[in-house]
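Student: Pasting a structure below so you can have a look.
Readers should treat all values here as calculations from the given coordinates under stated rules, not as data from a laboratory. Source: prediction; values computed, not measured.
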Amino acid sequence: MPTLDGEECVKIEEGTQTNTIFRLKGKGMPVLGGRGRGDLYAAVNVITPTSLTREQRRLLEEMAKLERENPADDRGIMDKVKDIFG
């Protein structure tokens, strides 16, 4: 992530959603009339593809099959993908 001092490595965990805010302590603007620096806040913007290739679709269907065999929550992956793509 670009900061005032150059690039900073930020680990974004799996499942991070759009508008999640990350705080980089001490990487913001200098404090006026004081010492130290403020914090830098950055919002995540997840980009969802609007179309899939045949291979991507096949892989998603394969993931759906695996999830049906080992469910992680109430909704399957295909329901989640349908929500994303409308």
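Student: Could you derive backbone 3J(HN,Hα) for the stretch 55-69 from the dihedral phi with the Karplus parameters 6.51, -1.76 and 1.60 (θ = phi - 60°), listing whole Hz in sequence and x where the residue is Gly or Pro?
Tutor: These are the phi-based 3J(HN,Hα) values: 5, 4, 4, 4, 5, 4, 5, 5, 5, 4, 4, 4, 5, 4, 6 Hz.
Student: Mind listing the Cα extents of the stretch 1-47 along all three principal axes, in Å, largest one first?
Tutor: Principal-axis extents of the Cα atoms in the stretch 1-47, largest first: 40, 18, 15 Å.
Student: What ³J(HN,Hα) values, in whole Hz, does the Karplus curve 6.51 cos²θ - 1.76 cosθ + 1.60 give for the stretch 23-35 when θ = phi - 60°, with x put for Gly and Pro?
Tutor: 10, 10, 5, x, 9, x, 6, x, 6, 5, x, x, 10
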